[in-house]
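Participant: Please find one structure pasted underneath; my questions will follow.
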Amino acid sequence: MKTLLIVYHSTTGGTRQMAQAAARAATAGGEVVVRLLEAPAAGPADVLAADAYVFAAPENLASMAGLMKDFFDRSYYAVLDRINGRAYAILVCAGSDGQGAARQLERIATGWRLKVACAPTIVCTHAQTPASIAAPKTVAASDIARCEEVGALLAAGLAAGIY
Ligand SMILES: Cc1cc2nc3c(=O)[nH]c(=O)nc-3n(C[C@H](O)[C@H](O)[C@H](O)COP(=O)(O)O)c2cc1C
């Protein structure tokens, strides 16, 4: 069976729910192995051992959150030119924007010469005040469904041999 690696970081739970939704849907078909790893626990060996990827990050200060960046900093050159052509998708959890983080993730994936499976999925939690930023997040069911579609798409593509 092929392997889907989902790497994420989350401080207040939004990105975690998105990544878990993608993992749940990808697992449901029973045709791929799904590895859901928090960014500090993931590294180049995990990237090499997978056949496709979901990268899930919060947007902080118009960038991907630092712990996701750290995962890429630790992994980028170790796997460069060894994962060309593998498929990926991006999930971003943001207060109101998300474009900056999505763009950064796309540039890294392009550098790795990965193949995009679908456009970035950006979920806005509408957190813009210090109190709402710090509060635990609950991602709406309609947004969870969008993340499930991403996981199902990648799993189906892997199972069908498209990726
Ligand atoms: C330090 C900090 C900076 C942030 N900067 C942005 C930003 O530039 N754009 C945005 O849309 N949201 C921003 N946010 C909001 C987060 O993206 C939002 O709270 C999101 O739900 C975090 O994901 P998480 O719940 O997985 O931790 C920021 C949050 C923090 C803590």
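The values are calculated or read from the model by the stated rules, or taken from the named source; none is laboratory data. Treat the numbers as computed from the prediction; the structure is a model and nothing was measured. Neighbour counts are summed over all protein chains in view; Cβ atoms, including those assigned to glycine, are modelled from backbone coordinates with ideal geometry. What goes into the accessible areas is simple: the full protein's heavy atoms, side chains included, and nothing from ligands, DNA or RNA. Shrake-Rupley method; radii C 1.70, N 1.55, O 1.52, S 1.80 Å.
Participant: Keeping every protein chain present and rolling a 1.4 Å probe, give me the accessible area per residue for the stretch 71-120 in Å². Don't skip to the end; give the middle numbers.
Facilitator: Numbers: 2350 Å² over 50 residues.
Computed with neighbouring chains in place, this is 47 Å² per residue.
Participant: How much accessible area does S132 have with a 1.4 Å probe, in Å² rounded to the nearest 10?
Facilitator: Spelled out: S132, probe radius 1.4 Å, area about 40 Å².
Participant: Once fully extended, how much extra length lies between D97 and S142, figured as 0.36 nm per residue of separation less the alpha-carbon to alpha-carbon distance?
Facilitator: On the way: separation 45, 0.36 × 45 = 16.20 nm, distance 1.79 nm.
Going from the current span to full extension adds 14.4 nm.
Participant: Right, another one. Residue separation times 0.36 nm, minus the C-alpha to C-alpha distance between R74 and A45: what's the value?
Facilitator: Numbers: separation 29, 0.36 × 29 = 10.44 nm, distance 1.07 nm.
Length gained between R74 and A45: 9.4 nm.
Participant: On the accessible surface of the stretch 29-151, probed at 1.4 Å, how many percent belong to carbon and sulfur atoms?
Facilitator: Values: 3130 of 5890 Å².
Using a 1.4 Å probe with all protein chains present, the stretch 29-151 comes out at 53 percent carbon and sulfur.
Participant: In addition: Could you work out how far apart the two model spin labels at N84 and I162 are, taking each label as a point 7 Å from the Cα in the direction of the beta carbon, and quote it in nm?
Facilitator: For the pair N84/I162, the computed spacing is 2.3 nm.
Participant: Taking a ≥ b ≥ c as the square roots of the eigenvalues of the Cα gyration tensor of the stretch 20-68, is the shape rounded (a/c under 1.5), prolate (a/b larger than b/c) or oblate?
Facilitator: oblate
Participant: Separate question: Work out from phi, with θ = phi - 60° and the Karplus expression 6.51 cos²θ - 1.76 cosθ + 1.60, the ³J(HN,Hα) of each residue of the stretch 25-41, listed in order in whole Hz, and give x for Gly and Pro.
Facilitator: 3J(HN,Hα) across the stretch 25-41, in whole Hz: 5, 5, 6, 4, x, x, 10, 9, 8, 10, 10, 9, 10, 6, 3, x, 8.
Participant: Further question: Express the C-alpha Rg of the stretch 1-89 as a ratio against the empirical globular expectation 2.2 N^0.38 Å, rounded to two decimals. Provide the component values of the computation, followed by the final result.
Facilitator: On the way: Rg = 12.7 Å, N = 89, 2.2 N^0.38 = 12.1 Å.
Against the empirical 2.2 N^0.38 Å value, I get 1.05 for the stretch 1-89.
Participant: Hey, in the GNM for the chain with a 10 angstrom Cα cutoff, which one of A134, A52, A65 fluctuates hardest?
Facilitator: Evaluated over the chain, the most mobile residue of the options is A134.
Participant: Moving to a separate point now. Counting C-alpha atoms alone, how compact is the stretch 32-163: give Rg to one decimal and Dmax as a whole number, in angstrom.
Facilitator: 14.8, 46
Participant: Compute the relative contact order of the chain as a whole-number percentage, counting only Cα pairs closer than 8 Å that sit 6 or more residues apart in sequence. It would help to have the intermediate numbers written out before the result.
Facilitator: On the way: 350 pairs, mean separation 50.8, N = 163.
Contact order relative to length: 31 percent.
Participant: Additional query: In Å and whole numbers, how far do the C-alpha atoms of the stretch 81-147 stretch along each principal axis, longest first?
Facilitator: 43, 24, 15
Participant: Who wins for biggest fluctuation among C124, C93, C147 in a Gaussian network model of the chain, springs between alpha carbons below 10 Å?
Facilitator: The residue that fluctuates most here is C124.
Participant: Something else: Rounded to the nearest 20 debye, what is the charge dipole size of the chain about its Cα centre when +1 sits on each Lys and Arg Cβ and -1 on each Asp and Glu Cβ? If you can, show how the numbers build up before the last one.
Facilitator: Numbers: 14 positive and 13 negative charges, 37 e Å.
For this selection, approximately 180 debye.
Participant: Taking a ≥ b ≥ c as the square roots of the eigenvalues of the Cα gyration tensor of the stretch 112-163, is the shape rounded (a/c under 1.5), prolate (a/b larger than b/c) or oblate? Don't skip to the end; give the middle numbers.
Facilitator: Values: a/c = 4.07, a/b = 2.31, b/c = 1.77.
Prolate.
Participant: Using the charge dipole of the stretch 35-163 (Lys, Arg: +1 at Cβ; Asp, Glu: -1 at Cβ; taken about the Cα centre), state which of L105, I133, G161 has its Cα farthest towards the positive end.
Facilitator: Going by the charge dipole, the pick is G161.
Participant: Moving on. For the stretch 1-81, what's the relative contact order in percent, using C-alpha pairs closer than 8 Å and at least 6 residues apart?
Facilitator: Values: 122 pairs, mean separation 32.5, N = 81.
For the stretch 1-81, the relative contact order is 40 percent.
Participant: Please give the calculated 222 nm ellipticity per residue for the chain, where each DSSP H segment of at least 4 residues contributes -39500 (n - 2.57) and the sum is spread over every residue; nearest 500 deg cm²/dmol?
Facilitator: -13500 deg cm²/dmol
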